[in-house]
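Undergrad: Okay, handing you the structure first.
The values are calculated or read from the model by the stated rules, or taken from the named source; none is laboratory data. These figures come from a predicted structure and were not determined experimentally. Cβ placement follows ideal geometry from the backbone for every residue including glycine, while neighbour counts extend to all protein chains displayed.
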Amino acid sequence: MVRIGVLAVQGGVREHADLLAGLGVEPVLVRRPDDLARVDALVLPGGESSVIDRLARSMGLAEPLRRAIAGGLPTLATCAGLIMLADGVLDPAPGQQSLRVLDVDVRRNAFGPQVASAEVRLATAWGPAAVAFIRAPAIERVGPDVNVLAEHAGRVVAVASASVIALACHPELTGEELFHRRLLDQASRLAHTG
Ligand code: GLN
């Protein structure tokens, strides 16, 4: 049985945990560096990226997170979680930092208030996905080892690297299982190959 951690610092923790439970996985809430050692994969929820950044650093989680994700821990990040991972953050909050483990640049709140909470059927490289956009970032630069999974309104909103799936939107709010299933597949493949 794979153990999937959900970073439980701020934001949509419960929604991801519920979706994982629906897939038959016991989610592990990650609040301390030790918790990371117990998981086969990780979800970084949406919320407010500047708050997650500040709390993660003050809880001593930022560096362990960076090390684990850079080391290949399969990771699914949504919205603020994507901002946490990005190499570059455009329009950051004052003092905001990111983990710099995904070779993309993102612009916070890129879609403005007009799509503040749009539900969209996204055509992704992995098939259709029903998702919600809530003050979503856009991905403005994509590095050579990162694949674009989907665009919305002419902007890149979903990408994947070897071990990271990163979305500007929220599949957990619409009950969309596509990306979490991919994360589980990745985690169980790794668990079986040791
Ligand atoms: N705008 C938020 C931020 O900058 C992200 C919004 C979200 O996660 N739904 O963190």
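Undergrad: So Ser117 ticks every box in (1) of a type in the set (Gly, Ala, Ser); (2) at pLDDT below 95; (3) touching a Lys or Arg at 6+ places or on another chain (Cβ under 8 Å) but one. Which box is left unticked?
TA: With respect to (1) of a type in the set (Gly, Ala, Ser); (2) at pLDDT below 95; (3) touching a Lys or Arg at 6+ places or on another chain (Cβ under 8 Å), Ser117 is out only on (3).
Undergrad: Residues of the range 23-51 being of a type in the set (Gly, Ala, Ser), farther than 18 Å from Ile83 by Cα and out of contact with any strand residue (DSSP E or B) (no Cβ under 6 Å at 6 or more places or on another chain), which ones?
TA: Matches in the range 23-51: Gly24, Ala37.
Undergrad: Residues that are more than 30 Å from Arg189 (Cα to Cα): find the strands (runs of 3 or more DSSP E) completely inside the range 71-126 holding 2 or more of those.
TA: Values: elements: 75-78, 86-90, 102-107, 117-124.
So the answer is 86-90, 117-124.
Undergrad: Moving to a separate point now. Just to verify a result, which residue in the range 62-72, among those that are under 27 Å from Glu177 (Cα atoms) and in contact (Cβ under 8 Å) with a residue 24 or more places away in the chain, is surrounded by the fewest Cβ atoms within 10 Å (Cβ to Cβ)?
TA: The extreme case among them is Gly72.
Undergrad: With Ile4, Ile69, Ile52 as the choices, which residue is closer than 15 Å to His170 by Cβ and of a type outside the set (D, E, K, R)?
TA: Numbers: Ile4 fails: closer than 15 Å to His170 by Cβ; Ile69 fails: closer than 15 Å to His170 by Cβ.
Residue meeting the stated conditions: Ile52.
Undergrad: May I pose another question? Here's a check for you: in the range 101-127, which residue that is touching a residue at least 12 places away in the same chain (Cβ under 8 Å) and more than 16 Å from the ligand (Cβ to nearest atom) is farthest from His16 (Cα to Cα)?
TA: Asp103
Undergrad: Among the residues of the range 135-153, which ones are of a type in the set (A, V, I, L, M), part of a loop (DSSP other than H, G, I, E, B) and within 17 Å of the chain's Cα centre (by Cα)?
TA: Ala136, Val146
Undergrad: Consider Arg189 against the criteria (1) within 16 Å of the ligand (Cβ to nearest atom); (2) over 15 Å from the mean Cα position of the chain (by Cα); (3) among the basic types (Lys, Arg): it satisfies all of them except one. Which criterion is unmet?
TA: (1)
Undergrad: For the range 29-49, which residues satisfy the criterion of being surrounded by fewer than 21 Cβ atoms within 10 Å (Cβ to Cβ) and either over 16 Å from the mean Cα position of the chain (by Cα) or polar (S, T, N, Q) (or both)?
TA: Arg31, Arg32, Pro33, Asp34, Asp35, Ala37, Arg38, listed by residue number.
Undergrad: Pairs please, first residue from the range 32-58 and away from the ligand (no atom under 16 Å from the Cβ), second anywhere and assigned to a loop (DSSP other than H, G, I, E, B) and among the basic types (Lys, Arg), Cβ atoms under 7 Å, 6+ apart in sequence or on different chains.
TA: What qualifies is Arg38/Arg3; Val39/Arg3; Asp40/Arg3.
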